[in-house]
Amino acid sequence: MAAIKNIIFDLGGVFLQLNFQLTKELFLEYGIDGFDDFFTQHHADALFEDLEKGLITPEAFYNAFRQATNSQISNLEIQKAWNAMLISFPTERIEWLKTIKNKYNVYLFSNTNQIHYDAFMEIYERDLGVNDFNQHFIKAYYSQQMGLRKPYANSFMHIIDEQQLDIASTLFIDDTIKNIEAAKAIGLQTIHLVAPQTLLDLDL
């Protein structure tokens, strides 16, 4: 196995604590049952894939979600429930990152969307007191800005090609097995980060 020179990190479940159940429960309070049919950690339907690839605006997403759920839920209620899963940035994980980025070339690759992006950047500033999250990485790649998302191979290859990375010496860390399997298939080294394990438990 080649020595690691580069690390591509996932965001949610890695640096950002998530609780998908909170989103499901708040949608249920708003009268939306079966949210898991639309989105879970391991699955996104076509509407949510389009949102995460930046193919539709948040406004268009809200309208399409109302139509798909046959509901009158407001934009604010959708936003609040959708963002409920975003919990916090534990400070010790960011301190760990500051050390690791001195040893490796570090990148971020997140399946996300503009609604979540705006919310978690506020959470980061709340928790860390600064707004420099993206600056910890050589480049932070977000799916809605790329028009690509995990686990599709072309999303990984976009980063590898743009940064001219050697695949064999690049490590990918993610908490979702589907993404890990896709990264392995193109030759990346991988670590599947499974709670309660955190970044601080890794020997890097």
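Residue check: is Asp174 touching an Asp or Glu at 6+ places or on another chain (Cβ under 9 Å) and either open to solvent by 10 Å² or more (accessible area, probe 1.4 Å) or touching a residue at least 12 places away in the same chain (Cβ under 8 Å) (or both)? Spell out how you get there, then give the answer.
Numbers: touching an Asp or Glu at 6+ places or on another chain (Cβ under 9 Å): yes; either open to solvent by 10 Å² or more (accessible area, probe 1.4 Å) or touching a residue at least 12 places away in the same chain (Cβ under 8 Å) (or both): yes.
Criteria met by Asp174.
Just wondering, is there one or more residues in region 76-95 that are in contact with a strand residue (DSSP E or B) (Cβ under 7 Å, 6 or more places away or on another chain), part of a helix (DSSP H, G or I) and touching a residue at least 60 places away in the same chain (Cβ under 8 Å)?
No, there is no match, as no residue in region 76-95 is in contact with a strand residue (DSSP E or B) (Cβ under 7 Å, 6 or more places away or on another chain), part of a helix (DSSP H, G or I) and touching a residue at least 60 places away in the same chain (Cβ under 8 Å).
For every residue, the table says whether it meets (1) assigned to a loop (DSSP other than H, G, I, E, B); (2) charged (D, E, K, R).
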residue	(1), (2)
Ala3	yes, no
Lys24	no, yes
Leu55	yes, no
Ala60	no, no
Asn63	no, no
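How do the pairs read when you match residues in region 98-112 that are over 21 Å from Leu128 (Cα atoms) with residues anywhere that are assigned to a loop (DSSP other than H, G, I, E, B) and open to solvent by 70 Å² or more (accessible area, probe 1.4 Å), using Cβ under 7 Å and keeping only pairs 6 or more apart or on different chains?
As it stands, the answer is Tyr104/Lys5; Asn105/Lys5; Asn105/Ile138, since those pairs meet every condition given.
Kindly provide the set of residues from region 95-131 that are closer than 22 Å to Gln163 by Cβ and either open to solvent by less than 20 Å² (accessible area, probe 1.4 Å) or modelled with pLDDT under 95 (or both), ordered by number.
Matches in region 95-131: Leu97, Ile100, Val106, Tyr107, Leu108, Phe109, Ser110, Thr112.
When the residues of region 1-19 are filtered to those that are open to solvent by 60 Å² or more (accessible area, probe 1.4 Å) and either at pLDDT below 95 or in contact with a Phe, Trp or Tyr (Cβ under 8 Å, 6 or more places away or on another chain) (or both), which remaining residue is farthest from Ile78 (Cα to Cα)?
Looking at the filtered set, the residue picked out is Met1.
Residue by residue, here is whether (1) in contact (Cβ under 8 Å) with a residue 40 or more places away in the chain; (2) of a type in the set (Lys, Arg); (3) open to solvent by 40 Å² or more (accessible area, probe 1.4 Å); (4) touching a Ser or Thr at 6+ places or on another chain (Cβ under 8 Å) holds:
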position: Lys139; (1), (2), (3), (4): no, yes, yes, no
position: Asp166; (1), (2), (3), (4): yes, no, yes, no
position: Ala185; (1), (2), (3), (4): no, no, yes, no
position: Pro196; (1), (2), (3), (4): no, no, yes, no
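Out of the residues in region 152-164 meeting the condition of being within 14 Å of Ile8 (Cα to Cα) and not aliphatic (A, V, I, L, M), tell me which one is most open to solvent (accessible area, probe 1.4 Å).
Per the stated criteria, the residue is Gln164.
The values are calculated or read from the model by the stated rules, or taken from the named source; none is laboratory data. Since this is a predicted model, take the numbers as computed values, not measurements. So basically every Cβ, Gly included, is an ideal-geometry build from the backbone, and we count neighbours across all protein chains shown. These area figures cover heavy atoms from the full protein model, side chains too; ligands, DNA and RNA do not enter into them. Shrake-Rupley method; radii C 1.70, N 1.55, O 1.52, S 1.80 Å.
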